[in-house]
Amino acid sequence: AVKVPDLSVTIEENDFSTLVKEVGPFGGVISPTEPVGAVSLNVPGGVLSDSVSVRLKEIEMPLGGATLGSKETLSGSTNTYERVSGTYSFEPHGQTFDLPVYITIQYEQGLWDQERAKTEAQTRLVFLKKESESDLEWKPLAGGKFANGVATLATTSFSLYKVAIEKDETKPAE
């Protein structure tokens, strides 16, 4: 018989709540997780003429599939918004680009399916954006692609982003 020594395994945290990385003219993909998941930023080559120190920070953790995030209303709108993803800060705030960069955020597909099935109101997934952490109100954005729990947005500026279910109680479900 062959005797095998006991194995000792150390698991190290490989996800970071904040990641800072230099991105230059060749572009790059930035994600605080390995393998890439939850959130990523894709800066295509040619978007930047000089290097920029990019900071990607988790503000609110992903939901984990159990319950929707807090319900919010926005001034001037009767719609409600419920978070279905983590909330992330892309910095430096106010950084703009001549060409789009791509933000990808994982959202809870199961919660989205569940809400669509049980509501009588018109619903859709949207990206919400806030200019900075001190800004008081989120703004819904037009655009974005949503499929299989992955949301992607082409944007030309950095700020805070999250994915939410927008409900319009004044319109019937489609």
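For the chain, which semi-axes, largest first and in whole Å, follow from the square roots of 5 times the eigenvalues of its Cα gyration tensor? Walk me through the intermediate numbers first.
Working: eigenvalues 195, 127, 37 Å².
Its equivalent ellipsoid spans semi-axes of 31, 25, 14 Å.
Grab the Cα-Cα distance for GLU131 and PHE97, subtract it from 0.36 nm times how many residues apart they are, and report the gain in nm with one decimal.
Numbers: separation 34, 0.36 × 34 = 12.24 nm, distance 1.52 nm.
Gain on extension, GLU131 to PHE97, equals 10.7 nm.
Cα to Cα, under 27 Å, and not fewer than 8 places away if on the same chain: which lysines meet these conditions relative to LYS162?
Within the straight-line limit of under 27 Å, LYS162 reaches these lysines: LYS21, LYS57, LYS71, LYS118, LYS129, LYS130, LYS139, LYS145, LYS171.
Which residue, chosen from GLN95, LEU48, ALA121, occupies the Cα position most advanced towards the positive end of the dipole of the chain, where the dipole is computed from +1 (Lys, Arg) and -1 (Asp, Glu) charges on Cβ about the Cα centre?
Checked the options; the winner is ALA121.
Taking a point 7 angstrom from the Cα of ARG116 along the C-beta vector, which residues in region 149-174 have backbone N less than 17 Å away?
149-152, 163-168, 172-174
Relative contact order for the chain using alpha-carbon pairs under 8 Å, separation at least 6, rounded to a whole percent?
Values: 384 pairs, mean separation 39.3, N = 174.
Once normalised by length, the contact order is 23 percent.
Between SER134, SER70, SER89, find the one with the highest GNM mean-square fluctuation for the chain; connect C-alpha pairs within less than 10 Å.
Maximum among the listed residues: SER134.
How much of the accessible area of the chain, probe 1.4 Å, is carbon plus sulfur, in whole percent? Write down the numbers at each step before the final one.
Values: 5170 of 10030 Å².
Taking all protein chains in place, the chain shows 52 percent carbon and sulfur surface.
Could you pull out the trypsin sites (Lys or Arg not before Pro) across region 76-174 that fall in loop regions by DSSP (anything but H, G, I, E, B) with no more than 10 other Cβ atoms inside 10 Å?
Details: sites: ARG83, ARG116, LYS118, ARG124, LYS129, LYS130, LYS145, LYS162, LYS167; in loops: none.
Sparse-neighbourhood loop trypsin sites (Lys or Arg not before Pro): none present.
What accessible area per residue comes out for region 42-123, rounded to a whole number of Å², with a 1.4 Å probe?
Values: 4110 Å² over 82 residues.
With the other protein chains kept in place, region 42-123 gives 50 Å² per residue.
What number, in percent, do you get for the relative contact order of region 85-174 if the mean sequence gap of Cα pairs under 8 Å and at least 6 apart is divided by its residue count?
47
Taking Cα atoms of region 73-139, Rg/Rh with Kirkwood Rh, to two decimals? Each step should come with its number before you reach the end.
Values: Rg = 14.4 Å, Rh = 14.4 Å.
So for region 73-139, dividing Rg by the Kirkwood Rh gives 1.00.
Pick from LEU136, LEU111, LEU68: which residue has the top mean-square fluctuation in a GNM of the chain where Cα pairs under 10 Å get a spring?
LEU136
Would you please state the base-10 log of I(q)/I(0) at q = 0.16, 0.26 1/Å for region 17-88, with intensities from the Debye formula using one equal scatterer on every alpha carbon?
Result of the Debye calculation: -0.71, -1.11.
The values are calculated or read from the model by the stated rules, or taken from the named source; none is laboratory data. Quick caveat: nothing in here was measured; it's all calculated off a predicted structure. No Cβ is skipped: glycine too gets one built from the backbone with ideal geometry, and neighbour counts run over all protein chains shown. Heads up: the accessible areas ignore ligands, DNA and RNA and are worked out on the full protein's heavy atoms, side chains in. Shrake-Rupley method; radii C 1.70, N 1.55, O 1.52, S 1.80 Å.
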